[in-house]
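Asks: Mind having a look at this structure? Questions to follow.
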There are 2 protein chains.
Amino acid sequence: MSGLKGNYLFPEVTTRKLNFLKKNPHAPLISLGIGDTTQPIPTSIVNSLVKASQELGNQGEYSGYGPGEGVEKLREKIAEKLYNNKISPSDIFISDGAKCDIGRWQMLFGSEVSIAVQNPTYPVYLEGSIIQGVKKIISMPCTPENDFFPDLKNLERTDIIYFCSPNNPTGAVATYEQLEELVAFAKKNCSIIIFDSAYACFIQDESLPKSIYDIPGAKEVAIEIGSFSKIAGFTGVRLGWSVVPEELKFDDGFSVKADWNRLVSTVFNGASNIAQQGGIAILEDSGLEEVHAIAKFYLENGKIIKKALEALECEIYGGDNAPYLWVRFKDHCSWTIFEEFLEKFHLVTTPGAGFGSCGESFLRFTAFGHREDVLMAAERLAAQQEDLLMSEKVASYCL
Amino acid sequence: MSGLKGNYLFPEVTTRKLNFLKKNPHAPLISLGIGDTTQPIPTSIVNSLVKASQELGNQGEYSGYGPGEGVEKLREKIAEKLYNNKISPSDIFISDGAKCDIGRWQMLFGSEVSIAVQNPTYPVYLEGSIIQGVKKIISMPCTPENDFFPDLKNLERTDIIYFCSPNNPTGAVATYEQLEELVAFAKKNCSIIIFDSAYACFIQDESLPKSIYDIPGAKEVAIEIGSFSKIAGFTGVRLGWSVVPEELKFDDGFSVKADWNRLVSTVFNGASNIAQQGGIAILEDSGLEEVHAIAKFYLENGKIIKKALEALECEIYGGDNAPYLWVRFKDHCSWTIFEEFLEKFHLVTTPGAGFGSCGESFLRFTAFGHREDVLMAAERLAAQQEDLLMSEKVASYCL
């Protein structure tokens, strides 16, 4: 696989963490790095996973292969509860998670497409495309200077546009006006938007769109990829979906949905039947209430970290409607700041540069974590902040 | 996706079945078609799925993302119980099923490779490759005349050789000598074998190899794809694995395992953590005993169908060490025979032609099914067999 860099961001973070621990085996590290859930799955949802497991042991209730596109009731619930029935259940395809579905979309699009990705970006859009052999990749800088929204007026046309909102890693949420502009741009250029809404459940501000389909006409230009990972602690259980509107066509008039159907029926066999029953329970009223409380808990974590960071010399973005804080340490390089946080505070973060060149000087802090860890991290920042970024070595490390 | 035919075999079977039911709404159809498990999952394994689900609800036991390559204990158990520790756990990558892993292998190999597939073949090898844009595809006829083993002496070299044993659809199991020949052929030609052992648990004859790695030197030329689907009724739960030996290199000396690691860490996030705990339970001594009993149950189904078919004018293959019977109705075409079985016996089968040109004149019967259905199917065959294949229309339908 030529063209693929040797290291995926998170393994590199892990390597550096382990190297540090080798030298400092008793350091009480706290991770504010990887975006992994830490709160247990709410009872009503666990009960449904248990029930689905038990049924597989009974002759009358056992079932084997399910429909590859997913259990009908789950598709209906997603349409109803997450899309207010503006999307037809038949346009919803259940998956084993957003990352896996992105890989399958890349398999479908092949190597001949041109793509645009936000910079910084969740690495999978880029690296999965490179694995596929995609050659033409356009970068869309998203920085504080442009309100984290690409300058579409000067953007070259591509076949595919990846767009993530709420954004990983910046925590930015696109407004209605911004998404309208994006949809219009895609329509004008016959581009397909892959809209990643994996973090939609964190949006608290009701004036912000939770789905690309909140924009009129989006069905003709956009696929939306959703996930139960963060909403309900399903990172390990594996459940997500793609919305592929009937209205969406390739340049040549061919139905995207028909091709997707064909691809997933060939190289996918549906998400685990146990996980799918869990998904249905998430979307019951009681389940939604429980998972919304968890989203609020994580956002509160974010507020605690934000407050502790505010005393440092840095700019803080995100966190209000997303589980990520995107923090700029101007004129410093992010892998160096990463090392400083590791050494001085024993905090593992994620260096912004790992998400693309526009992530340089940034660190990403995740709001996922146990409250006691978050509070302890905040204490450390408060206690030692005067030392940070004082050492002369910072600038010299930065290349 | 040009090059891809409009219909996947099983959807076409379903369509014909539904058309028949529209005309004959009260026909008591029995399916001996799709290879889907029907026996419930044994208790010890269900208990482990339940426990894994419950743990996700407890703060102390909750876990999010697992290692993408799978839970260590499951990898160790597979190495120990299924490969007698001849394979290192670190060469085993857990997946959400064989079909999905085949798709990822095809993504890794891309469009520029040449491939060889058995004819008849499990459609995914072929169709997934076509989706990837593979152009050079060599057919390896496997018929009663060559003991269902390809004529390697006259076979053109390809980069990849797909080989399935016990075979779907023919039920043939390759001998040690045959697999030695295959490994030697691959070694000579610097080909990589993708050995699909999804049905290995059905092998009763101890003189037959259950893994390609039973052949010395196979680690240098072969990937093996395994599955828990059929062994334990996990078709809906989704769990399998790929073995990628450290010794396996691409033509240019690059490590296949390193590339695989990179690919799965980019576009996959591991199998469901609940399913993986179930996999560990399957491989406990008690679990293995229970699932072996189920394999024997299905093979007994196969014997019952075989006995009923013996009175018909046909040749019967497979069934002894595989859950499929491969039945030739000489000089008849398989879609016509399919229709005859549907109309006369109300039995749904799978037309051999759907698996490739060498499947013409064959039907595939699956041994998966409830015993009462199998016995009823056998009764129908016994009662009406004199009528079968008597109608003149058979030959004229066949194109």
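Read-outs throughout are calculated quantities, based only on the coordinates presented, and are distinct from any laboratory measurement. Please read all numbers here as calculations on a predicted model, not as lab measurements. So basically every Cβ, Gly included, is an ideal-geometry build from the backbone, and we count neighbours across all protein chains shown.
Asks: For B:K86, which lysines qualify as cross-link partners when the Cα separation must be under 16 Å and same-chain residues fewer than eight apart are set aside?
Replies: Cα-Cα hits under 16 Å: B:K77, B:K210, B:K219.
Asks: Another question, if that's okay. Please give the average number of partner chain Cβ atoms lying within 10 Å of the Cβ of each residue in B:268-281, rounded to a whole number.
Replies: Values: counts 6, 12, 7, 4, 14, 7, 11, 7, 1, 1, 4, 0, 0, 0.
Going residue by residue through B:268-281 and averaging, the value is 5.
Asks: Pairing the Cα long axis of helix A:256-267 with the longest principal axis of chain A, what angle in degrees results, from 0 to 90 and rounded to the nearest 10?
Replies: Helix A:256-267 and the main axis of chain A meet at about 80 degrees.
Asks: Distance between the C-alpha centers of segment A:231-267 and segment B:339-365? Whole Å please.
Replies: 31
Asks: Okay, next question. Please state the charge dipole magnitude for the protein assembly as shown, taken about the Cα centre, from unit charges on C-beta atoms (+1 on K and R, -1 on D and E), reported in debye and rounded to the nearest 20. Intermediate values should be presented prior to the final figure.
Replies: On the way: 74 positive and 104 negative charges, 39 e Å.
In total the dipole reaches around 180 debye.
Asks: Now, a different point. Which percent, nearest 5, of DSSP beta bridges in the protein assembly as shown are antiparallel?
Replies: Values: 40 of 78 bridges.
Around 50 percent of the beta bridges assigned by DSSP in the protein assembly as shown are antiparallel ones.
Asks: Would you mind telling me which residue in A:I137, A:I94, A:I305 has the biggest mean-square fluctuation in a Gaussian network model of chain A, where springs connect alpha carbons within a distance under 10 angstrom?
Replies: Maximum among the listed residues: A:I137.
Asks: In chain A, what percentage of the DSSP-assigned beta bridges are antiparallel, given to the nearest 5?
Replies: On the way: 20 of 39 bridges.
Roughly 50 percent of the DSSP beta bridges within chain A come out antiparallel.
Asks: Give the nm distances, rounded to one decimal, from A:N58 to the matching residue in every other copy, measuring between label points 7 Å along Cα toward the beta carbon; shortest first.
Replies: Listed shortest first, these distances are 2.5 nm.
Asks: If you average the sequence gap of Cα pairs under 8 Å that are 6 or more apart and divide by the length of chain B, what percent do you get for the contact order? Could you put the intermediate results ahead of the total?
Replies: Numbers: 752 pairs, mean separation 88.1, N = 399.
22 percent.
Asks: Something else now. State the percent of C-alpha pairs, over all pairs in segment B:97-156, separated by a distance greater than 17 angstrom.
Replies: Looking at segment B:97-156, the distances longer than 17 Å represent 42 percent of pairs.
Asks: GNM, chain A, Cα, under 10 Å: largest mean-square fluctuation among A:E127, A:E76, A:E156?
Replies: So, out of A:E127, A:E76, A:E156, the one fluctuating most is A:E156.
Asks: Under 5 Å between amide H atoms, partner at least 5 residues away or on a different chain: which partners does B:V348 have, H built in plane at 1.01 Å?
Replies: Those qualifying (amide H under 5 Å, at least 5 residues apart or on another chain) are B:I30, B:S31, B:L32.
Asks: With all distinct Cα pairs included, what does the Kirkwood hydrodynamic radius of the protein assembly as shown come out to in Å, to one decimal, could you say?
Replies: Working: mean 1/r = 0.0360 Å⁻¹.
Final number for the Kirkwood radius of the protein assembly as shown is 27.8 Å.
Asks: Could I ask something else about it? From the label point of A:L18, set 7 Å along Cα to the beta carbon, how far off in nm is each other copy's matching point, shortest first?
Replies: 5.1
Asks: Take the alpha carbon atoms of chain B, find their radius of gyration, then divide it by 2.2 N^0.38 Å using N residues; give the quotient.
Replies: Numbers: Rg = 21.4 Å, N = 399, 2.2 N^0.38 = 21.4 Å.
Here the answer is 1.00, to two decimals.
Asks: If you don't mind, another one. Show me the three semi-axes of the equivalent ellipsoid for segment A:1-109, from the C-alpha gyration tensor (sqrt of 5 times each eigenvalue), largest first, rounded to whole Å. Walk me through the numbers on the way to the answer.
Replies: Details: eigenvalues 275, 106, 51 Å².
Values for segment A:1-109, descending: 37, 23, 16 Å.
Asks: Enumerate the amide H contacts of B:I192 below 5 Å, restricted to partners 5 or more residues apart or on another chain; note that Pro and chain-start residues carry no placed amide H.
Replies: For B:I192, the qualifying residues are B:I160, B:I161.
Asks: For A:H292, A:H346, what's the fewest-to-most ordering of other Cβ within 10 Å of each Cβ?
Replies: Details: A:H292 14, A:H346 17.
With the sparsest Cβ surroundings first, the list reads A:H292, A:H346.
Asks: A further question follows. Which whole-Hz ³J(HN,Hα) couplings does segment B:161-174 yield from phi under the Karplus relation 6.51 cos²θ - 1.76 cosθ + 1.60, θ = phi - 60°, glycine and proline marked x?
Replies: Ordered by residue, 3J(HN,Hα) equals 10, 7, 9, 10, 8, x, 7, 10, x, 7, x, 6, 10, 5 Hz.
Asks: Can you give the mean number of other chain Cβ atoms that lie within 10 Å of the Cβ atoms in peptide A:37-43?
Replies: On the way: counts 4, 4, 3, 9, 7, 2, 1.
Average neighbour count from other chains, rounded to a whole number: 4.
Asks: Given the Cα-Cα distance of A:I138 and A:A383 and 0.36 nm per residue of separation, how much length would full extension add, in nm? Display every interim value, and only then the final one.
Replies: Values: separation 245, 0.36 × 245 = 88.20 nm, distance 4.30 nm.
Between A:I138 and A:A383, full extension yields 83.9 nm more.
Asks: At 7 Å along Cα-to-Cβ for each site, give me the label-to-label distance between A:K296 and B:Q54 in nm.
Replies: Once both label points are built, they end up 3.0 nm from each other.
Asks: For the modelled label position 7 Å from the Cα of B:D205 along Cα-to-Cβ, which residues of segment B:126-142 have backbone nitrogen atoms closer than 19 Å?
Replies: B:142
Asks: Karplus couplings for segment A:312-325 from phi (6.51 cos²θ - 1.76 cosθ + 1.60, θ = phi - 60°), rounded to Hz, Gly and Pro as x?
Replies: Rounded to whole hertz, the list is 7, 7, 7, 10, 10, 10, x, x, 7, 10, 7, x, 10, 9.
Asks: Also: Once you place label points 7 Å from the Cα toward the Cβ at A:D285 and A:D151, how far apart are they in nm?
Replies: Placing both labels 7 Å along Cα→Cβ, they lie 5.1 nm apart.
Asks: Moving on to the next point. Give me a single rounded figure for A:96-107: the average over its residues of other chain Cβ atoms within 10 Å of their Cβ. Intermediate values should be presented prior to the final figure.
Replies: Numbers: counts 9, 6, 1, 7, 8, 1, 2, 9, 5, 1, 3, 8.
If you average over the peptide's residues, the count of other-chain Cβ atoms is 5.
Asks: Every other copy gets compared here: list the nm distances from the A:R371 label point (7 Å along Cα to Cβ) to its counterparts, shortest first, one decimal.
Replies: Label-point distances to the other copies, shortest first: 5.6 nm.
Asks: Turning to a different aspect of this structure: Tell me the label-point distance for the pair A:K307, A:K330, using the 7 Å Cα-to-Cβ offset, in nm and rounded to one decimal.
Replies: Between A:K307 and A:K330, the label points sit 2.6 nm apart.
Asks: Taking R0 as 35 Å, what's the FRET efficiency between B:A258 and A:H370 from their Cβ-Cβ distance, rounded to 0.05?
Replies: On the way: r = 35 Å, r/R0 = 0.99.
Efficiency at R0 = 35 Å is approximately 0.50.
Asks: Comparing B:P67, B:P245, B:P169, which has the greatest mean-square fluctuation in the GNM of chain B with Cα pairs linked when under 10 Å apart?
Replies: In the Gaussian network model the winner is B:P67.
Asks: Calculated from DSSP H runs of 4 or more alone, at -39500 (n - 2.57) each and per residue, what is the 222 nm mean residue ellipticity of the protein assembly as shown, nearest 500? Walk me through the numbers before you get to the answer.
Replies: Numbers: 26 runs with 301 residues, N = 798.
Value at 222 nm, helices only: -11500 deg cm²/dmol.
Asks: Put +1 on the Cβ of each Lys and Arg and -1 on the Cβ of each Asp and Glu in segment A:126-178; which of A:C142, A:I161, A:A174 then has its Cα farthest toward the positive end of the dipole?
Replies: Selected residue: A:I161.
Asks: With unit charges on the beta carbons (Lys and Arg positive, Asp and Glu negative) and the dipole taken about the Cα centre of chain B, which residue among B:G359, B:H370, B:L18 sits farthest to the positive side?
Replies: B:L18
Asks: Now, a different point. Among all the lysines, which ones have a C-alpha under 26 Å from A:K344's C-alpha, if same-chain residues fewer than 8 places away are not counted?
Replies: A:K17, A:K22, A:K23, A:K303, A:K306, A:K307, A:K330, A:K393
Asks: Also, quick follow-up: What length, rounded to one decimal in nm, is gained on full extension from B:N24 through to B:N85, with 0.36 nm per residue of separation minus their alpha-carbon distance? Kindly include the intermediate steps, with their values, before the conclusion.
Replies: On the way: separation 61, 0.36 × 61 = 21.96 nm, distance 5.43 nm.
Extra length from B:N24 to B:N85 when fully extended: 16.5 nm.
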